[in-house]
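Visitor: Quick one: this structure, given as structure tokens, is what I'll be asking you about.
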Amino acid sequence: AQHAPAPTEVRESKDSDTIALERSLSDRLGLSVSINHKGGGGQLKINYKTLDQLEEICRLLEAR
């Protein structure tokens, strides 16, 4: 699956571990994933295009 690249200014501010984790999650899910750190916390964003993709994300999260 192909993923839209993150905007250049965002990608440059991310460390290599964060970028690697985004790629790993994106490859595993087959969806675009972005991670943004803010202080001690952050945001994990998973982009989906169809309700089937959303249902699959929910199924995976509920299985844990």
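The values are calculated or read from the model by the stated rules, or taken from the named source; none is laboratory data. Not measured: the values here are computed from a predicted model. Cβ coordinates were reconstructed from backbone atoms using ideal geometry, including for glycine residues, and neighbour counts include every protein chain displayed.
Visitor: Name the single residue that is farthest from the chain's Cα centre (by Cα) among those in segment 39-64 being over 14 Å from ARG28 (Cβ atoms) and aliphatic (A, V, I, L, M).
Guide: LEU51
Visitor: Further question: List, please: which pairs have Cβ atoms under 6 Å, are six or more places apart or on different chains, and start with a residue in segment 18-38 that is buried (at least 16 other Cβ atoms within 10 Å of the Cβ) and end with one that is assigned to a helix (DSSP H, G or I) and at pLDDT below 95?
Guide: Here the result reads ILE35/THR18, each pair linking segment 18-38 to a residue that is assigned to a helix (DSSP H, G or I) and at pLDDT below 95.
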